[in-house]
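Undergrad: Here you go, one structure.
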Amino acid sequence: MTASTRRWLPIVATATVAFVGGVAVGGHQVSAPGPPAGADTSAVAEATGAEPGTSSQDAAPSHRDEDGAVRTAVLLTTAFDGAGLLDDLRRRELLAAHAASDHREELARTLGDVARLIRDELGLDVDDLESPDFVWRSIPAGVHVESFGADRAVVAVWGTGVVIARGLPLVQPGWRTTYVEMVWEDGAWRLIAFRSEAGPEPPTVGGTSDAGLQARLINAFEPLPLEVGASQGTG
């Protein structure tokens, strides 16, 4: 087991419960590379310029600006969930199209280990992934550009998620922030790392959290670009 794989394990161990409490698959730092059912890889391709299943060398140019980085980050968080993570073939296609070349092999090993662990913990099989009753949906709600340069960007995506299989919810929904680290390579933003942390958590009526503090934390995230939200599909 690699160090990168170990960084992912707390996400699964805490509940397979906390795993989809966030926007996407993510470890505390998946450094060498790097988070909803039915994420459409064509939506990612639309934002990044790559066709599903293509290599980075075949990808078309995408926008080398903050807007392009934000759109790519949001769509990557929703691509690597559900079948995008748990189905081996689909995961390999996504990595071939959207992972940075220097980090692709490590991402493949790490995500493969995580996918197997999640399938085992939740008792999911191929029939579950293909069932109309299966839902693994990430719901991005806001974004914040942590850092941006011509060749590297880190975008924080805040949101929640839901997982249902065999007619039962499998995890407790929650709110998380996923940081998507990318580099500019071959005319597109390419994934090198995910890391994830809990919150900010919207306060509930009658709850004990500091609603003012949570509001300020949430307001640090900008609303999603409308085109990105519209491209998510119904999964």
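FYI, it's all coordinate maths here, none of it is from the lab. In this text, all values refer to a predicted model and were calculated from it rather than measured experimentally. FYI the Cβ positions are ideal-geometry reconstructions off the backbone, even for glycines, and counts take in every protein chain you see.
Undergrad: Could I have the simple spin-label model distance between residue 125 and residue 144, label points 7 Å from Cα toward Cβ, reported in nm to one decimal?
TA: Inter-label distance under the simple model: 4.4 nm.
Undergrad: For residue 116 paired with residue 205, estimate the spin-label separation in nm (one decimal), with each label point 7 Å from Cα along the Cα-to-Cβ line.
TA: 4.8 nm
Undergrad: Let me ask another. Rounded, prolate or oblate: which fits the stretch 71-200 when a ≥ b ≥ c are the square roots of the eigenvalues of the alpha-carbon gyration tensor, with rounded for a/c under 1.5 and prolate only if a/b beats b/c?
TA: In terms of gyration-tensor shape, oblate.
Undergrad: Modelled label-to-label distance, residue 66 and residue 186, 7 Å Cα→beta-carbon offset: nm?
TA: So the two model labels end up 2.9 nm from each other.
Undergrad: What net charge is computed for the residues neighbouring residue 218, neighbours being all others with C-beta under 14 Å from the C-beta of residue 218, Lys and Arg scored +1, Asp and Glu -1?
TA: Neighbour charge sum, excluding residue 218 itself: -1.
Undergrad: Applying 1/(1 + (r/R0)^6) with R0 = 25 Å to the Cβ-Cβ distance of residue 152 and residue 216, what FRET efficiency is obtained, to the nearest 0.05?
TA: The value I calculate is 0.35.
Undergrad: Given a cut-off of under 8 Å on Cα pairs at least six residues apart, what relative contact order in percent is computed for the stretch 99-186?
TA: 25 percent
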